[in-house]
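Data first, discussion second: the structure below is written as structure tokens.
The values are calculated or read from the model by the stated rules, or taken from the named source; none is laboratory data. What you see is a predicted model; the values in this text were computed from it and never measured. As a convention, Cβ positions derive from the backbone with ideal geometry for all residues, glycine included, and neighbour counts pool all protein chains shown.
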Amino acid sequence: MPQPPQPEPIDPATLPDLARAVIREAKFPMLASLDGDQARVRPVSPVRVDADTFVIYVANLRSYHKTGEIAANPRVELCYLAPDHDQIRITGIAEVLTDRPLLEEIWESNPLLRRYLGSLENPELIIYRLLPNRVRFMREWALEYHDVPFASPESQAAAS
């Protein structure tokens, strides 16, 4: 029986950069949430990524089913899969973004949002800030996750 390929060893110091590369290459992660006791997964299009903290911002519409799912249970996970099959999983909490200057910055930097929704005041618009509590990286089909060190948003705020 042939032996499976052995993944290249990973230097732990490179994990944050490897994870950021997957985010750049994959672009459209899958978002997992819970609908009662049933998991639901769908692709999402982030509207902003804070690479140092792995905080991901995702636009949503109030009428989407996932809005109720996240309101009932804000624990979510994003999975990015790069073309070479490297992946990262970002596990955390989704919160509705209320920071007006940041909302305006996201709005101004996203022509598709402006075209589709017309106004930042559109009552259908929700921007979720996905705050990570764990980030894991896996090399193509290595079947071994590596925890990625990252600066939590709280620790960065305390340092500034």
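Checking each residue in region 118-143 for being surrounded by 17 or more Cβ atoms within 10 Å (Cβ to Cβ) and either small (G, A, S) or not in a strand (DSSP E or B) (or both) picks out R139, A142. When region 113-145 is filtered for residues that are in contact with a Leu (Cβ under 6 Å, 6 or more places away or on another chain), closer than 17 Å to P29 by Cα and of a type in the set (A, V, I, L, M), only I127 remains. For region 49-74, the tally of residues that are touching a residue at least 12 places away in the same chain (Cβ under 8 Å), hydroxyl-bearing (S, T, Y) and either farther than 16 Å from P123 by Cα or not in a helix (DSSP H, G or I) (or both) stands at 3. Filtered by the rule that a residue be in contact with a helix residue (DSSP H, G or I) (Cβ under 9 Å, 6 or more places away or on another chain), without any contact (Cβ under 8 Å) to a residue 40 or more places away in the chain, more than 16 Å from A82 (Cβ to Cβ) and assigned to a strand (DSSP E or B), region 1-48 gives D35, R40, R42.
For region 91-112, the count of residues that are at pLDDT below 95, of a type outside the set (F, W, Y), in a loop (DSSP other than H, G, I, E, B) and more than 16 Å from F28 (Cα to Cα) is zero.
Of everything in region 64-104, what is surrounded by 15 or more Cβ atoms within 10 Å (Cβ to Cβ) and among the charged types (D, E, K, R)? Give them in sequence order.
Residues of region 64-104 surrounded by 15 or more Cβ atoms within 10 Å (Cβ to Cβ): 66-67, 69-70, 74, 76-82, 86-94, 97, 103.
Matches in region 64-104: K66, E69, E77, D86, R89.
Being within 12 Å of the chain's Cα centre (by Cα), surrounded by fewer than 18 Cβ atoms within 10 Å (Cβ to Cβ) and either at pLDDT below 95 or not polar (S, T, N, Q) (or both) is the requirement here; does D50 meet it? Here the answer is yes, as D50 does meet what is asked.
Picking from residues in region 35-47 that are surrounded by fewer than 17 Cβ atoms within 10 Å (Cβ to Cβ) and under 16 Å from the mean Cα position of the chain (by Cα), the one that is modelled with the lowest pLDDT is S45.
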